[in-house]
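Participant: If you scroll down you'll find the structure; I have some questions about it.
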Amino acid sequence: MLIGVPLETAAGETRVSVTAETAKKLKAQGHTVRVQSGAGVAASVTDAAYAAAGAEIVDRAGAFGCELVLKVRGPDADELSLMKPGTVLVGMLNPFDRDGLARLAAAGLTSFALEAAPRTTRAQSMDVLSSQANIAGYKAVMIAANAYQRLFPMLMTAAGTIKAARVVILGVGVAGLQAIATAKRLGAVIEASDVRPSVKEQVESLGAKFIDVPYETAEEREAAEGVGGYARPMPQSWLDRQKVEVAKRVAQADVVISTALIPGRPAPVLITEDMVKSMKPGSVIVDMAAGRGPAGTDGNCPLTEAGKTVVKHGVTIVGETNLPALVAADASALYARNVLDFLKLVLSKDGTFQIPADDDIVAACLMTQGGQVKRS
């Protein structure tokens, strides 16, 4: 199979879909890998490293002109024009972007969105959401530590004692758990909140305190369990009680990291302007949902500005929209391995492309084929 690896051109995107490590493995399987010159430079993978792994260094047209194109982000209109009908595209294509999928279908592409892989044991090795969220959670804490003008750990010195920073994590998925672990390693005192009671043990196992909000109805309890590893929207009665509890913790916090996202829906507002006003001067909020909030807001906080770091009411609010791209080398390494594991499902031993009809992972990821959008 002729496999193309183009340079990502989306603003701020530094990751690459194939590293020298995975290029070598694809080459060993009998495939020809063509990498656009400079595609991996921002992720610390040079053209020389690709060439040493057996890949061919080509121009932009050469990378997009292959039978199988591997990307990080979905192609723009200009990139689509470089791909021939029948090309197979694999990447993070946003399965909830109906217009984007329609454009892929109109271009005649067979496309797979890796974010749509089911949350099953078998699909773990190709779970791009988890691999990238893990890195994002780490980076969010490092950014917070850099923006916070005090230390995270408690220090007892001859000049006096410095108290440990109080960190509140809102949303305890993969990113939230990694944020807890990272903040704990830095010596912070941590509290965490989530709508799923099942994560309480995970939170406590990492050394944080879970902000418990009791469930008063069967409806609340059922919604809290979530579906397929994702949270479901909670009843308003529970949300109202949770806001009260979270507001108390946020007012006392030095750092708040919000990670709450619901697939296919706007990110919920968890940190209101009044809550920001209640925080101490010099506190920091890292809004990991920046750019994905409901109409009129940019994230879990209505004061967040996507792609910017701003100071509101004395609080620094970080609105980075692509945290994994700030750790491009490791983010690319994990993403490339996710891609490689997915390709094992659609590339036969003789190197030809196939769509196994009975494979639930392939079926879930298949977005477009034969000019039609497959996702309902």
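Participant: Using 5 Å bins from zero, what percent of all Cα-Cα pairs in region 134-321 falls into each bin?
Facilitator: Pair shares across the bins are 1, 9, 17, 22, 22, 15, 8, 4, 1, 1, 0, 0.
Participant: Another question about this same structure. Projected onto the charge dipole of the chain (+1 at Lys/Arg Cβ, -1 at Asp/Glu Cβ, origin at the Cα centre), which of Gly351, Leu80, Ala224 gives the Cα projection farthest towards the positive end?
Facilitator: Ala224
Participant: Mind checking which lysines have their C-alpha under 23 Å from Lys209, skipping anything on the same chain fewer than 8 residues away?
Facilitator: Counting by Cα, and skipping residues close in sequence, Lys209 has these lysines nearby: Lys139, Lys163, Lys184, Lys200, Lys243, Lys248, Lys280.
Participant: Hey, another quick one. Given a cut-off of under 8 Å on Cα pairs at least six residues apart, what relative contact order in percent is computed for region 134-321?
Facilitator: With pairs under 8 Å counted, the relative contact order is 18 percent.
Participant: Under unit Cβ charges (Lys, Arg +1; Asp, Glu -1), what dipole magnitude, rounded to 20 debye, does the chain have relative to its Cα centre?
Facilitator: Its charge dipole is roughly 600 debye.
Participant: Could you please report the charge total around Leu104, scoring K, R as +1 and D, E as -1 over all other residues with beta-carbon less than 15 angstrom from its beta-carbon?
Facilitator: Summing Lys/Arg as +1 and Asp/Glu as -1 gives +1.
Participant: Less than 15 Å Cβ to Cβ from Thr321, Lys/Arg counted +1 and Asp/Glu -1: what total charge do the surrounding residues give?
Facilitator: Neighbourhood net charge equals -1.
Participant: Same structure, new question: Ranking request for peptides 342-354, 264-276: highest mean number of other beta-carbon atoms within 10 Å first, then the rest in descending order.
Facilitator: 264-276, 342-354
Participant: Which order do Lys139, Lys248, Lys25, Lys71 fall in if you start with the one that has the fewest other Cβ atoms within 10 Å?
Facilitator: Listed from fewest to most nearby Cβ atoms, that is Lys248, Lys25, Lys139, Lys71.
Participant: Taking the highest mean first, how do the peptides 325-332, 94-101 order by number of other beta carbon atoms within 10 angstrom per residue?
Facilitator: Highest-to-lowest ranking by the protection proxy: 325-332, 94-101.
Participant: At q = 0.09, 0.13 Å⁻¹, what log₁₀ I(q)/I(0) does the chain have when each alpha carbon counts as one equal point scatterer in the Debye sum?
Facilitator: -0.56, -1.05
Participant: Moving to a separate point now. Net charge within 15 Å of Met1 by Cβ-Cβ distance, Lys/Arg positive one each and Asp/Glu negative one each, not counting Met1 itself?
Facilitator: For residues surrounding Met1, the net value is +3.
Where a number appears in this text, it was derived from the coordinates with a stated rule and is not lab data. The structure displayed is predicted, hence computed values, not measured ones. Note: ideal-geometry Cβ built from the backbone for every residue, glycine included; neighbour counts use all protein chains shown.
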